Amino acid sequence: MLGKPLKDIIIELLGKDGRSINDLSKELEKVGIKKHRLILTGYLQALADMGILRERVIKPARVFSVQQSKKRSIYEIIGEKARMISEERASDITLYTLYKLFKRPIFMRELEKCGVGMPYYKEKVYGEERKKALQQLLQEGMNIPKNNSAYQPTQSYEEEYLQILWDLVVEAYNLKGYVNKEKHQMKLESL
C-alpha cells in the first residue's frame, strides 16, 4: 500500500461501510502510516469538502465513507461537450457525434437526454432502419416512445466529433496531466 497517494489508501481502507476516525487511524498505523489524529481529521474533512468522502455523525464518533457519485450518462456528457464547443451548433454536433458513435439513426428522445434541442441539419429516418434501431434500444432497456422520430445528420462535424472523442478518452483514463494544455487550448479555439 505504501507508495500510493494517501487519499487512495484511505479510500481503500474505508471500504463500502466507512470507518470512524479512530478506526481509520489504527488501520493506517497497521500499514505503516502514522498521522496525528487532528491532522487525519483535517485531511478527512478536506476530502469530504471536495466531495470524495461523506461524513456522518454516529454518536459519539464521526464516520467517513466513500462518496458514491451519480454516474453521468454518455448522453449527458456528449451534450455538455457539444455545448462547450458551440452553443449554437450543439444540437447538430450532438446528432452527428451520436450517429457516428452508435452507427445508427438517433431518436429525438436521445437528443433530449443530451439536453439539446432539434438539430437543423437532419434527415428523418423511416422504415426498417428506424425499426431496427428502436428494437435495439428497447432491448437495452431505454424507454423510447414508438412514435419518436429518428434522424441522421446531413452535415459533417468531423472535427468536433473527434474533439469530443478525444475529451472522452482523456477524462475516462484521467490523462489530463499528460496533455499539453497550450496545444489543447489552441485546438479548441480553432474549432
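Only the coordinates and a few stated rules stand behind these numbers; no lab work does. All values derive from a computational prediction rather than experimental measurement. Here the Cβ is made from the backbone with ideal geometry for all residues, glycine too, and neighbour counts use every protein chain on show.
Odds and ends about this structure:
- Chain lengthening between S20 and Q155 when straightened (0.36 nm per residue, less Cα-Cα): 42.9 nm
- Available extension along the chain between Y121 and K103 is 4.8 nm, counting 0.36 nm per residue and deducting the alpha carbon span.
- Residues with amide H under 5 Å from that of R62, placed H, sequence gap 5 or more: I21
- In plain terms, if you count all Cα to Cα distances in the range 1-91 and split them into 5 Å steps from zero, the share in each step is 3, 12, 20, 19, 11, 7, 7, 7, 7, 4, 2, 0 percent.
- Here the simple spin-label model places points 7 Å from the Cα toward Cβ, and for V31 and K59 these points are separated by 3.3 nm.
- Over the range 74-190, relative contact order from alpha-carbon pairs under 8 Å, at least 6 apart, %: 29 percent
- Residue among K132, K81, K26 with the largest mean-square fluctuation in a Gaussian network model of the chain, springs linking Cα atoms under 10 Å: K26
- Exposure proxy ranking, count of Cβ atoms within 10 Å, fewest first, for T154, T97, T41: T154, T41, T97
- Stretch gain in nm, segment D8-E112, where the contour uses 0.36 nm per residue and the Cα spacing is subtracted: 33.8 nm
- 0 to 90° range, to nearest 10: angle between helix 127-139 axis and the chain longest Cα axis: 20 degrees
- Order of E158, E110, E76 - criterion: other Cβ atoms within 10 Å of each residue's Cβ, fewest first: E158, E76, E110
- Taken along the Cα-to-beta-carbon direction at a fixed 7 Å, the label points for Y43 and N148 span 4.7 nm.
- Taking the C-alpha atoms only, the angle from helix 37-49 to the longest principal axis of the chain is near 10 degrees.
- FRET efficiency for I52 and K132, using Cβ-Cβ distance with R0 set to 45 Å, rounded to 0.05: 0.60
- Helix 181-190 axis, angle to the chain major axis (alpha carbon atoms, nearest 10°): 20 degrees
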